[in-house]
1. Got a sec? Which of A:SER265, A:SER206, A:SER289 is among the polar types (S, T, N, Q), touching a helix residue (DSSP H, G or I) at 6+ places or on another chain (Cβ under 9 Å) and on the phi > 0 side of the Ramachandran plot?
2. May I ask you to list the residues in the range B:408-441 that are in a loop (DSSP other than H, G, I, E, B) and either touching a residue at least 60 places away in the same chain (Cβ under 8 Å) or facing chain A (nearest Cβ under 7 Å) (or both)?
3. Pick out the one residue from B:ILE597, B:ILE601, B:ILE560, B:ILE590 that is farther than 30 Å from A:GLY118 by Cα, surrounded by 13 or more Cβ atoms within 10 Å (Cβ to Cβ) and not small (Gly, Ala, Ser).
4. Looking only at the range B:519-542, decide whether some residue is touching a residue at least 60 places away in the same chain (Cβ under 8 Å), more than 8 Å from chain A (Cβ to nearest Cβ) and not small (Gly, Ala, Ser).
5. Within the set of pairs 6+ apart or on separate chains, which have a first residue in the range B:291-310 that is farther than 16 Å from B:ARG217 by Cα, a second that is of a type in the set (D, E, K, R), and C-beta atoms under 9 Å apart?
6. So is B:VAL63 open to solvent by 10 Å² or more (accessible area, probe 1.4 Å), of a type in the set (A, V, I, L, M) and in contact (Cβ under 8 Å) with a residue 40 or more places away in the chain or not?
7. In the range A:239-255, which residues are in contact (Cβ under 8 Å) with a residue 12 or more places away in the chain and closer than 29 Å to A:ARG128 by Cα?
8. Of all the residues that make up the range B:473-518, how many are more than 7 Å from chain A (Cβ to nearest Cβ) and part of a loop (DSSP other than H, G, I, E, B)?
Amino acid sequence: MITNILFGVGVAFFGFVLQTSIAGVNRKVVGRVQKRYGPKWYQEFLDIFKLLSKRSVTHGWIFDFGVIMALGGIIGTAMFMPITSDLVAFADFDNFFIFVYLIAVGMLGMAMSASGSGNPLASIGVMRALTTMLAYEVPFMIVVLTIIKLTGTSSVTGIAEFQQLASNNWFMIALPLGGIVGVMSLMGMIGKKPFETYIAPAEIASGPMVEYGGKQLGMLFIMHEITVFIEVSLFVHLFLGGAENVVLFIVKYFLVYTTLNIISSVYGRFKIDQVVLFFYKWPILMAISQAFVAIYLGWVI
Amino acid sequence: MASIELIIVFTALAGVLSYFVGRLNKVAGSVVTILASMFVFVSVAYFGYNNELIHSTEFLPYVTFSVTYLGLFFAILVTFIFAMVSFFNPFFVEKYKYPALYSMLYLLSLAGVLGVFFTNNFMSLFFFFEFVVWTSLFLIPMGRSKRAASSYYAFSTVGSFALLFAIFIMREASGTFNIVSSMASVNGTEAAIVSALLAVAAFAKLGAFPLNVWLPRVLGNSPDAISAVFSGGLEKLGAFVAVLALVKLAPFGYVVDATGLAASQYVIAALGALTIVFGTLMAIRQDDAKKLLAYSSMSNGGYILVALTIASSASVSGGLYHVVAHALASTAAFLAIGAVSRITGTTKMSELGGMIHKMPVTYLVYLIAIISMAGIPPMGGFISKWLIFQAVIDKGMILVAVAVFFGSIGSFLYVFRPLAALFLGQELPQHREVSKEAPFFMLVPMVILSGLIIYTGVLPNFFLGFINNVLTEVGVTPLVIGSYTVTGTNGVLQPALIASVFGVGVLIAFIIFIVLKKSRKVGLMDTYTAGNFIYTEELMHYSLDFYAPLERLYEKYINITKDFYKRLENKVVDLGRLMKYYFFTNKPEIMVLWIIIIMGIILWGDIL
């Protein structure tokens, strides 16, 4: 049990290092898209460690408690995440719903802390984040419903292994409409344009993050990196057949994240009601028709 | 050993006693409610759990009892809620116009509830059902609105009549009022009609769409303690009837091959899904914290209906577990809001802010309650929602799943509002001086409830084991549970593992936090304002129309159900006027004419 927990902590740490490095590389990629040089690939690490070392201010116990709950919830969630089918801390217990709902503890902690700062811009950011969540989560869950119904298991490694069988395609190909919905929802999840309304730096001063500095901000940065790790690797496991070994996992992960970043770098920002209307128009229609076609008619490529 | 009859008679007598004590001293009368309801809970739970309840009757005429696991499950839960809420009575009776009557009705409705769950006779069931309606009816207007009581009465009547018709049909088919044998004897079309009628009764009691209008009115306007009792206890009578209607009676209608579900199940699940969506959308736009929780109760009632109608082992145990989880969570949340309302005198979120600084324990109670309500681990609500999701996915109910997921994510939105607007944010000056933490005896039930919410989320197997007895009794395959694991249709869950991993995560985060440099404490007004100078707390507190951009998308359509019932009400009033005009005029000769005509019609063929 202790080894499993230590392994889980290792997964969370691996996720943090991986995502922070890839995010650094992606700052260069986006820089090149926008005809800039971009910062060094390890710039994100420097930012985080600088923040952690600084002395900051606090707005009361809930402000700190929320940050601890946020980072703790996200580390806890990441501990369940499989890397390959064999490299998983708690085999058989990596249920899909744990990732969707345990991640919410972290989100709740951050929202709580942000509202506890007493800055209205933070509350507006939280409102937008939750509204965006209401938008992207439902189509995504419907696609995952289809996947779980087809594979008969809600274990993330189980779903990945199902796709690795010779007779089955990746779900990105097997369920093409669902795959597109998955990509769009993932962009909402990790807050890429056009769905980054809740951060909106020029408009609401980074939203939930507005009051933070020093170690609290550093911890929220770590939390954000691990959150992105959870969401992108969930996509890799659910839609891209998981990974047989770590190298393949890193390659798939890098490709997914970089593609999203490049798509994101050419878009503007939606208004919050446009986000909701968007997701409740095409993605949900596509998700529902995909589910009907796959479950009731059995048409899976 | 304890006799059910004696417990019920004791509760009723204690109610009468509390009335007379309450006439002498308001608070003493309400203390009687605490003692009596605690006694009832302890005796029902202890003797019921050890199978030592005696069901013979000696004093009450025509009433017979029997102990079923189903009845026991609901009885223990609801008496527990009554016992917990009763701690609030002494602190609130001062405000009511008839404090002695309040204490008496509180205990009488408890007696009625026990009768409903333990009787084995449909006529007594109906009697106790009405008894609960009539006693709770007069508790509602002691709060803010009299109209809420009439609305409750109107919808309860629909449910009661549906129940009565169902009872008569079963009596016609079986010749007995016994619950088990009369339900077993109906089949074919009769069973379908009975099932539909009982479902109407369940909908009316649960406040499910389309019989939902009373619930937010009652829960939003009742006295604070009564809202908690309604949401956690009395509303669950609907779930009890729903188990009878949806699980014990077979579904009917055309069976879809792909899923093996009958048409009636699709209809009920669709109505349950609409209940979830409408409840969620309405909860998001409330300004009154109690109303918000009321709509959330409605939406959770929808989950219970969806779960019970699918009638697989995962879904029924999920539904029953949701009854427990929601009862605990919503009672705790209502009590926390009640504690705030006692001190500030309002439950409107736009008038409150920053209560956390003076009421930290109440805040934590509310936080734990909403984590469970939103279905987030490691709280009880996650287990039940997980089981319900399993069942919905397993049956491939796509459109119902949209509603179920929407309600689940939507609940993050609405439960967060009171947290942000009422407890967090700027501390408003008008409450800064007066507010303080709730008294010790108000914190006791809230903390017990929070402990149970965590317990149900971390170690659900004790409750699920009890629910498995219920499942066996109503004819559903029991759920597979290990010593720490729960096995659903397509996955295994180990709640204790989730909780401990979460604990490890928090520990790591705490260590990171504590080893780094200590932060300097600054005031809440010392925030980034983009260069503006703002000195009033209200301007820095974002609480009004929290989800305005989202609300704008559907605010045109929110009054459709309400308008429908308003028009129906007007039609009923018109009909009443018409009857009055033709029949009850002030000219006696017309009355006599009508009486003769009606007598003639009735007696035609027999005597004439």
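1. On the way: A:SER265 fails: on the phi > 0 side of the Ramachandran plot; A:SER289 fails: on the phi > 0 side of the Ramachandran plot.
The conditions single out A:SER206.
2. Going residue by residue through the range B:408-441, those that are in a loop (DSSP other than H, G, I, E, B) are B:424-428, B:433-439.
Once the filter is applied, which keeps residues that are in a loop (DSSP other than H, G, I, E, B) and either touching a residue at least 60 places away in the same chain (Cβ under 8 Å) or facing chain A (nearest Cβ under 7 Å) (or both), the range B:408-441 yields B:LEU424, B:GLY425, B:GLN426, B:GLU427, B:LEU428, B:VAL434, B:SER435, B:LYS436, B:GLU437, B:ALA438, B:PRO439.
3. Working: B:ILE597 fails: surrounded by 13 or more Cβ atoms within 10 Å (Cβ to Cβ); B:ILE601 fails: surrounded by 13 or more Cβ atoms within 10 Å (Cβ to Cβ); B:ILE560 fails: surrounded by 13 or more Cβ atoms within 10 Å (Cβ to Cβ).
Answer to the selection: B:ILE590.
4. Here is the first cut: in the range B:519-542, the residues touching a residue at least 60 places away in the same chain (Cβ under 8 Å) are B:524-525, B:537-538, B:540-542.
Still in the running and more than 8 Å from chain A (Cβ to nearest Cβ): B:537-538.
The next check asks that each one be not small (Gly, Ala, Ser); those that pass are B:537-538.
Yes, the range B:519-542 contains at least one residue that is touching a residue at least 60 places away in the same chain (Cβ under 8 Å), more than 8 Å from chain A (Cβ to nearest Cβ) and not small (Gly, Ala, Ser).
5. Qualifying pairs under 9 Å: B:TYR303/B:LYS385; B:ILE304/B:LYS236; B:ILE310/B:ASP394; B:ILE310/B:LYS395.
6. On the way: open to solvent by 10 Å² or more (accessible area, probe 1.4 Å): yes; of a type in the set (A, V, I, L, M): yes; in contact (Cβ under 8 Å) with a residue 40 or more places away in the chain: yes.
Yes: the conditions hold for B:VAL63.
7. A:PHE239, A:TYR253, A:PHE254
8. 12
The values are calculated or read from the model by the stated rules, or taken from the named source; none is laboratory data. If you're wondering where the values come from, they're calculated on a predicted model, not measured in any experiment. As a convention, Cβ positions derive from the backbone with ideal geometry for all residues, glycine included, and neighbour counts pool all protein chains shown. The protein model used for the area step is the full one, side chains on, heavy atoms only, and it has no ligands, DNA or RNA in it. Shrake-Rupley method; radii C 1.70, N 1.55, O 1.52, S 1.80 Å.
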